[in-house]
1. Angle check, please: helix 144-154 long axis (alpha carbons) against the longest principal axis of the chain (alpha carbons), in degrees 0 to 90, nearest 10.
2. Measuring from label point to label point, each 7 Å out along Cα→Cβ, what is the residue 119 to residue 55 span in nm?
3. Okay, helix-only estimate at 222 nm for the chain: each DSSP H run of n ≥ 4 adds -39500 (n - 2.57), divide by all residues, round to 500 deg cm²/dmol; what do you get?
4. Antiparallel DSSP bridges in the chain: what percent, to the nearest 5?
5. Packing-wise, with mean Cβ within 10 Å as the measure, how do 131-138, 107-114, 75-82 rank, highest first?
6. Residue 45 to residue 110: extension gain in nm, 0.36 nm per residue of separation minus the Cα-Cα distance?
7. Binning every alpha carbon pair distance of the chain at 5 Å from zero, what are the percents per bin?
8. Work out, step by step, the length gained on full extension between residue 89 and residue 35: first 0.36 nm times the residue separation, then minus their alpha carbon distance; give nm to one decimal.
């Protein structure tokens, strides 16, 4: 786990934990003034020009809204649907301090080889409470337009 950052939000809905956002990107950089720059943000699809390919770096960024305090186990699991291989299984203990806050967690995956089109199935568990995350599809270009876009980004 790279970091956990909190920001206050006013919420009327009271749940123990809920996922506020899930972002998959190439990198996250932090400026001296506290701003973050998300580099290479993906929607739910990552298009490779050819497979097999290796993903140099991938960051999974999850924002959690928590209204309970205390130390909890936070675990991110990512499974390759095609191979059934656990791509990431990272667990840490984190102390949720002030109530009604959003906490941001980031995990990095470097050098993972994709041999064929697949789907990454992700979930996050907080204190044993499991939450599904959106799937990330890994595939080849599906049209000439996509092939042209992938060629442009390779240069």
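Read the figures in this text as sums done on the coordinates, not as results from a lab. Keep in mind it's a predicted model, so treat the numbers as computed, not measured. All Cβ positions, even for glycine, are placed from backbone atoms using ideal geometry, and neighbour counts span all protein chains on display.
1. 70 degrees
2. That separation, rounded to one decimal, is 1.5 nm.
3. -2000 deg cm²/dmol
4. Working: 55 of 58 bridges.
Of those bridges, close to 95 percent are antiparallel.
5. 75-82, 131-138, 107-114
6. Full-extension gain reported as 21.6 nm.
7. Distribution as computed: 2, 8, 17, 20, 17, 15, 10, 6, 4, 1, 0 percent.
8. 16.6 nm
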